[in-house]
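Quick note: the coordinates plus some simple rules give every number you see, no bench work behind them. Given the structure is predicted, the values throughout are model-derived calculations rather than measurements. In this analysis, Cβ positions are derived from the backbone assuming ideal geometry, glycine residues included, and neighbour counts consider all displayed protein chains.
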Amino acid sequence: MEHKAGEQGVTEVYVYVGEAGKANLERGMDKEVWGWKSGTAEEKAHHEVLASLKEGDLLHLGHLGLGRIPGLEAQTRSVSQLITTRLTGGLYTDDSHVWDDEIYPYRVPIVVERIQHDVTKDDIGVEGIEALRKSASGKGGPRLLESEQSVVEQLLQGALEEHKGGLLGTEDPDDRIDLDLPSVLDRQEYGRVRVEQKKLRAVKLGKRTEVPCDLCQLTLPKRLVHTAHIKRRSVSSSEERRDLENVMFACVLGCDSLFEHGYVYVDGDGLIHASNQVGDGALATAVTRLGESCTAFSKKSAPYFAWHRQTIADVKEG
């Protein structure tokens, strides 16, 4: 993932704004204030968060893309717009009219710092997406970030109860197609946008509606399986970014995050191992459901797995 760590001493709060709140969102940005209804703000959990906010804290307002949907599905979605604002003061109450529909008396003063579009878990982490999803399910109430490990474990537990997939073969002809990608893979749009990612995924998927995860071998609906670079995209050359051998299928049931953060790695023979970062707790349990070998491993992909093994999983070899 490429999202940045939070600022030290700064509380970050996530709030989801649905379609009905579009006009209110625009008004709030114009007036540099955000507010909550009494019923929402006075709920104990919400009020504790709001009361703790101070000048300098961050309020992330996510608009469209999620809503009241299951956690796993949310991890495959993108948030249409994410407005990051910084508080210029703490919580206060005011009954004056700012928004046309209702009075939102619990308020915080803000200033817009950044606007992003089509934001995914790669940008704000699985925990950021989950915070927005829970806000959507909680009447737009403020949500603090949970730890990534906690969110992944919750998603994994729910997924294991829902899905019991089968196996597919290790080779698929759809995975051996030459690409005709644009020469420039990034374009400027409030940041960097992954131009090649959708085409890589389309080529890998073909016309399939279900695909196997290369790590756990569960066959799942394609919306639950990500197309992930083995060698991180941020350090890959333009040619490496285009290379299908540098792409694997990793499901959102935990495999994607376990691999990306180096909790598991693939050795020189294609076998999957837990790294030294995994202890005896819940992570160890999560790793046990993975397959014995990685179906994306080949002679051509081996150098990419070696990079991941040595750089991300910190495996000392030789």
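Computed quantities for the displayed model
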{"item": "For residue 99, distant residues with modelled amide H under 5 Å away", "result": "104"}
{"item": "Label-point separation in nm, residue 95 to residue 10, each point 7 Å along Cα→Cβ", "result": "3.6"}
{"item": "Among the listed pairs 37/121; 22/139; 231/300; 22/54; 231/316, those beyond 19 Å (Cα-Cα)", "result": "37/121; 22/54"}
{"item": "Burial ranking of peptide ranges 270-279, 97-106 (average Cβ count within 10 Å, highest at the top)", "result": "270-279, 97-106"}
{"item": "Charge-dipole axis of the range 1-91 as Lys and Arg at +1 and Asp and Glu at -1 on Cβ define it, positive-most pick from 24, 53, 83", "result": "24"}
{"item": "Phi-based couplings in Hz for the range 282-294 (Karplus 6.51, -1.76, 1.60; Gly and Pro marked x)", "result": "5, 4, 4, 5, 5, 5, 5, 7, 6, x, 6, 10, 9"}
